[in-house]
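Below: one structure, written as structure tokens.
The values are calculated or read from the model by the stated rules, or taken from the named source; none is laboratory data. Just so we're clear, the structure is a prediction, and the values are computed from it rather than from any experiment. Glycine also receives a Cβ, built like all others from the backbone with ideal geometry; neighbour counts cover every protein chain displayed.
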Amino acid sequence: MGSCTAIIGPNGAGKTTLLLALLGELSYQGHISFPGYGGRRPRIGYVPQRLSFDRGLPLTVCEFLALGFQIGPLWFGVSAALQKKAKETLAQVKAEHLAGRRLGALSGGELQRVLLALALQQQPELLVLDEPASGVDFQGEHVFCELLDALRLSQGFTQLMVSHDLPTVTHHATHVICLNHRVAAEGPPQQVLTPENLSAIFGLHMGLVNLQSMPMAQAGCTAPCCQPANENQ
Amino acid sequence: MSDLVWLYDFLAQVLPLSSMQARFMQQALVALLLLAPMTAAMGIVVVNFRMAFFAEAISHSAFTGVALGVLFAVSPGWTMPLFGLLVGLGITAVQRHSDLASDTVIGVFFSAMLAFGLAMVSRDRSLARDMQRFLYGDILTISEAEIWFLLLLFFLVFIFLASNYNRLLYAGINSTLARTHRVRVQILQYLFSGLLALLVMFSVRAIGVLLVTALLVVPAAGARNFSRSAGAMFWWAMAISTSSAVLGLLISAQDWARTATGATIILVACFWFVASLLFARLRWN
């Protein structure tokens, strides 16, 4: 509960496939168990990697957030209760100003927040994110991850994310799984993200590039949200 | 079975034009007032799901449906919608279970339908004479029984859409996301394809094989340009479709026009679309 697990690995390692299997989108052999939920599936919120959709579609952010909740057709607008709920959730991701905007007119970072708000509306016990950093600049990514950390601590969901981006992982994950068709290594970031492991998984090239940003015990995010994780180790 | 006389008389009073005093014009108007809202609402989903080509394939199977009716000595009134339904569900099933791109799948179905239809027509001279009716449609000869059937379809379509519109929209945006919200995308797609196939078959009767897709796509396309929200888009599509249908019917009956009704309706809708383009351009500036 409240942990943040990152799945890393080279292209084609099976990261997204793993997520899709978790979401029930793919048929698979074997078994996925959710210990700690009494045998039932936890409520899963999903933030997709890059929402490819028809950008010209007339649909406001508020309508988008109501789609999965309102039974009555949108012809007569969004119900007052759902409008309020949408505004509250948008406020949680610091995007309340987007409620009336058209979904297709949002920037990459704005869209990502709206997708996060959509996932949060389901009151997830497990929040699954596919490449939360893609399509956002470095600054935006940092802000987004801090936002996620704060939400995780306040709402207590478990976070599972696929990431290409090692700095994000080192700063925000409490647990790392290195995937390359099978689990190559797993554990706390400081133990897993060693130059040896990384060059074994990603090839020599990645190991060299990341030598400087390697997370030694003292390295890590200085944000208050990251402190408890560091103290545990 | 002439229980709708009151409705015809009422419409004749609302539209006190000389052309509207003929019973066949009143019947055509009733049929169009039922058909236009249906095609507008379903058309929005067609545009969102990018199913225009699908609708086109269904409409072109109309002729094969009739040919099958002739072949097995069954009334084409039954074989046409049934065959359309079958083709619609068939395409949906093959799309789901094959790796081919959806337009390729539809293309294959499309050619098979058309080839079979043409083969039948080339054998039977009497069928060839009917062909023109299917290509251009003939709303002016619609029967009262067909109007009752349209009324039934009207209720079916709007009950289905009223309870599933948001989910259809959601599935059209991103099916994985919709499934995490427990939207049963697969069942929805089959239901929608089936209803759409029935609707297309009835529209073929009204405006012809060549223009059915236009009736679905043009109002929704115009509505997209006029609106910013999904709610507004629905009402714009309704307004464009219904006004085009009524205006098209009235214009086609004027002495100076004397054009085919189906084609006139689509022309009015296309004027709406051009206006929507200008509107969108002005708004961006």
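The sole residue among B:S243, B:S193, B:S203 that is modelled with pLDDT under 95, more than 14 Å from chain A (Cβ to nearest Cβ) and more than 24 Å from A:G56 (Cα to Cα) is B:S203. Listed conditions (1) in contact with a helix residue (DSSP H, G or I) (Cβ under 7 Å, 6 or more places away or on another chain); (2) on the phi > 0 side of the Ramachandran plot; (3) charged (D, E, K, R) are all met by B:R23, apart from (2). So, B:T180, is that one facing another protein chain (nearest Cβ under 7 Å) and surrounded by fewer than 18 Cβ atoms within 10 Å (Cβ to Cβ) or not? No: the conditions fail for B:T180.
Regarding the stretch B:59-78, can at least one residue be identified that is in contact with a helix residue (DSSP H, G or I) (Cβ under 6 Å, 6 or more places away or on another chain), within 28 Å of A:D54 (Cα to Cα) and modelled with pLDDT of 85 or more? Within the stretch B:59-78, one or more residues are in contact with a helix residue (DSSP H, G or I) (Cβ under 6 Å, 6 or more places away or on another chain), within 28 Å of A:D54 (Cα to Cα) and modelled with pLDDT of 85 or more. Among the residues of the stretch A:68-107, the ones that are free of Cβ contacts under 8 Å to residues at least 12 places away in the same chain and within 21 Å of the chain's Cα centre (by Cα) come to 4 in all. If only one of A:K94, A:K84 is charged (D, E, K, R), assigned to a loop (DSSP other than H, G, I, E, B) and over 25 Å from B:N225 (Cα atoms), which one is it? Answer to the selection: A:K94. Considering the stretch A:79-104, and only residues there that are within 20 Å of A:Q123 (Cβ to Cβ) and charged (D, E, K, R), the residue that is farthest from the other protein chains (Cβ to nearest Cβ) turns out to be A:K94. Say whether the condition of being touching a Leu at 6+ places or on another chain (Cβ under 8 Å), away from every other protein chain (no Cβ under 14 Å) and not in a helix (DSSP H, G or I) is met by at least one residue in the stretch B:97-110. Taking every residue of the stretch B:97-110 in turn, none turns out to be touching a Leu at 6+ places or on another chain (Cβ under 8 Å), away from every other protein chain (no Cβ under 14 Å) and not in a helix (DSSP H, G or I).
Whether a residue is surrounded by 14 or more Cβ atoms within 10 Å (Cβ to Cβ), assigned to a helix (DSSP H, G or I), among the charged types (D, E, K, R) and within 12 Å of chain B (Cβ to nearest Cβ) was assessed, and A:E25 does not pass this test. Mind checking which residues of the stretch A:35-56 are assigned to a loop (DSSP other than H, G, I, E, B) and in contact (Cβ under 8 Å) with a residue 24 or more places away in the chain? A:G36, A:Y37, A:P42, A:R43, A:P48, A:Q49, A:R50, A:L51, A:F53, A:D54, A:R55, A:G56 - these are the residues of the stretch A:35-56 that are assigned to a loop (DSSP other than H, G, I, E, B) and in contact (Cβ under 8 Å) with a residue 24 or more places away in the chain. Number of residues in the stretch A:37-78 that are more than 7 Å from every other protein chain (Cβ to nearest Cβ) and in contact with a Pro (Cβ under 8 Å, 6 or more places away or on another chain) equals 4. Exactly one residue out of B:M201, B:M238, B:M233 is in contact (Cβ under 8 Å) with a residue 40 or more places away in the chain and surrounded by fewer than 20 Cβ atoms within 10 Å (Cβ to Cβ): that is B:M238. Among the residues making up the stretch B:145-162, a single one is within 14 Å of the chain's Cα centre (by Cα) and among the β-branched types (V, I, T): B:V157.
Tell me yes or no: at least one residue of the stretch A:14-21 is part of a loop (DSSP other than H, G, I, E, B) and either charged (D, E, K, R) or within 10 Å of chain B (Cβ to nearest Cβ) (or both). No; the residues of the stretch A:14-21 include none that is part of a loop (DSSP other than H, G, I, E, B) and either charged (D, E, K, R) or within 10 Å of chain B (Cβ to nearest Cβ) (or both).
Scan the stretch A:107-133 for residues that are under 27 Å from B:A232 (Cα atoms) and either among the aromatic types (F, W, Y) or surrounded by fewer than 20 Cβ atoms within 10 Å (Cβ to Cβ) (or both) and the total you get is 5. Within the option set B:A214, B:A145, B:A221, being part of a helix (DSSP H, G or I) and within 11 Å of chain A (Cβ to nearest Cβ) holds for one residue only, B:A221. Residues that are surrounded by fewer than 14 Cβ atoms within 10 Å (Cβ to Cβ), over 22 Å from the mean Cα position of the chain (by Cα) and modelled with pLDDT of 85 or more do occur in the stretch B:110-117.
For the stretch B:248-276, which positions are farther than 28 Å from A:L74 by Cα and either among the hydroxyl-bearing types (S, T, Y) or part of a helix (DSSP H, G or I) (or both)? The answer is B:G248, B:L249, B:L250, B:I251, B:S252, B:A253, B:T259, B:T261, B:G262, B:A263, B:T264, B:L267. Each residue in the stretch B:122-143 was checked for being at pLDDT 80 or above and either surrounded by 16 or more Cβ atoms within 10 Å (Cβ to Cβ) or under 13 Å from B:S203 (Cα atoms) (or both), and 7 of them qualify. Exactly one residue out of A:N197, A:N210, A:N230 is in contact with a Phe, Trp or Tyr (Cβ under 9 Å, 6 or more places away or on another chain), of a type outside the set (A, V, I, L, M) and modelled with pLDDT under 85, and it is A:N210. Residues of the stretch B:48-60 that are surrounded by 24 or more Cβ atoms within 10 Å (Cβ to Cβ) and within 14 Å of chain A (Cβ to nearest Cβ): B:M51 alone.
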